[in-house]
Amino acid sequence: MAEPASVLIVDDLPENLAVLGSILKNAGHRVRAARSGELALSAELIEPPEIVLLDVMMPEMDGYEVCRRIKANPQTADVPVLFVSALSDPTDKVRCFEVGGVDFITKPYDEREVLARLETHIALARARTQLAAQNSALEKALADLEQAQGQLIHAAKMASLGILTSGIAHELNNPINFVSANAQSCLKLLRQLEGVYILYDSLTLERFEQTMREIEAQKEKIDYAWCRNGLRELLEGIRVGSDRAANIVRSLRLFVRSGASQRTAFNLHENIDTALLMLTNKIGKNIRIERDFGATSTVIGQPGQINQVLVNLISNAVDAINEKPGGGNGDSITVRTRESQREGEPVVVTEVIDSGAGMSEETRAHLFEPFYTTKNVGLGMGLGLSIAYGIIHAHGGVLEAEAGKEGGTLFRIILPRNAEDAAKGEARHAE
């Protein structure tokens with residue numbers, strides 16, 4: 001069974017409220033009851049339920065009007081309404097759907113039918129709510145990313161922006177597609193169950209045997225063991241996919257935050273993880289990422305600018321590996337942090353080490369010069385490392401490069417751990 005839901009039952013007959021209330025409470029749901037349309041609308045506004053079971057024939061205000069008003073109110077418009085009535089004429093059923101109902105249960109009803117339909121619609125409503133919330137969060141994150149594009153363009157990092165955009169789209173598509181597929185499976189299950197109930201509704205003495213054969217044929221198509229557990233698994237899949245997308249959104253927010261010039265203490269390890277996540281698509285599956293983080297992770301600076309530097313260095317490391325013969329098979333990128341001292345002051349050292357082809361002494365001598373690049377024409381302007389060098393020096397830090405001990409290249413970032421050192425470095429950079 002799905003997680004307990006808040007259910008509002010609306011019926012003018014106390015005995016009907018008692019029967020339905022007992023069924024739902026025994027199934028673990030939280031139940032409220034209203035004996036009139038006016039009371040139902042008041043209860044909806046005070047505390048909107050997750051779902052409404054609504055009788056059609058009631059004095060003063062019938063179920064059609066109650067549903068119409070529920071759907072007309074933006075505060076309650078998304079609450080699913082299931083009609084429960086002894087009316088069996090197709091015209092009555094169609095009218096229920098026309099005013100906004102999502103289902104129609106005919107009295108007398110079977111307890112299992114009520115619970116199956118109720119819990120199916122609860123699951124679908126929750127899935128829609130999760131998707132809407134996730135879409136809203138993604139839209140905000142993407143809006144934040146668009147705002148950050150101005151800083152990226154100003155820093156002449158259009159190539160990095162292209163990498164990030166494709167990587168983000170790829171990473172977001174996976175969980176979103178997973179959630180969408182599971183929601184479609186929920187709808188398919190609902191249609192299968194509805195097929196059986198529709199046949200039951202159409203039972204008549206004249207067509208009893210034929211209809212029962214059709215019902216049995218329809219039931220044979222349904223895996224009831226899967227129905228009992230499958231819906232829970234589908235919803236769990238939606239939850240996992242939503243959590244994955246939420247993690248990406250949180251990383252996006254970390255990446256695009258702090259565009260202002262104010263400096264603050266921030267978690268360097270979180271920034272490294274964010275940079276790696278943003279580059280997941282470019283890194284691929286054949287390059288191994290190794291994290292070797294020290295105990296201290298807090299540094300002073302502008303998180304957004306440090307993120308740009310990390311993305312640039314890790315992206316260059318991937319390029320260096322892919323450019324060597326056989327690159328990407330068994331190669332690795334190590335990101336290491338540790339505490340140290342520089343001129344008697346505490347610093348945090350970050351090293352990005354790749355197993356690529358390495359670089360010549362001539363390349364190393366010109367590495368941080370503007371417009372210097374070893375890439376083919378059209379693959380880079382040669383500004384990435386010079387901008388990274390300027391950002392780190394503006395933070396009172398050092399950016400240097402050397403040959404790796406076992407081949408490849410090592411980039412080392414040294415950043416101050418206190419605001420006073422950062423201010424001194426900024427003054428030196430301004431000079």
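Taking the beta-carbon count within 10 Å as an exposure proxy, list K324, K107, K285 from fewest neighbours to most.
Ranked by crowding around the Cβ, least crowded first: K285, K107, K324.
With θ taken as phi - 60° and the coefficients 6.51, -1.76 and 1.60, list the Karplus ³J(HN,Hα) couplings across segment 398-404 in order, rounded to whole Hz; mark glycine and proline as x.
Values per residue, Gly and Pro as x: 9, 10, 9, 9, 7, 5, x Hz.
Treat each spin label as a single point 7 Å out from the Cα along the C-beta direction, and report the E400 to E343 distance in nm.
If labels sit at E400 and E343, their model points lie 1.4 nm apart.
Apply the a/c threshold of 1.5 to the C-alpha gyration tensor of segment 1-125 and tell me whether it is rounded, prolate or oblate.
rounded
Hey, can you grab everything whose amide H is under 5 Å from the amide H of F293? Only 5+ residues off in sequence or another chain; H modelled, so Pro and N-termini drop out.
It is T337, by chain and number.
Where in segment 266-372 are there chymotrypsin sites (Phe, Trp or Tyr not before Pro) that are in a DSSP coil and have at most 11 other Cβ atoms within 10 angstrom of their Cβ?
Passing both the DSSP loop test and the Cβ count: F371.
Since every read-out is calculated from the coordinates, none of them should be taken as a lab result. None of these values were measured; they are calculated from a predicted model. Quick reminder, even Gly has a Cβ in these numbers, built from the backbone with ideal geometry, and neighbours come from all protein chains shown.
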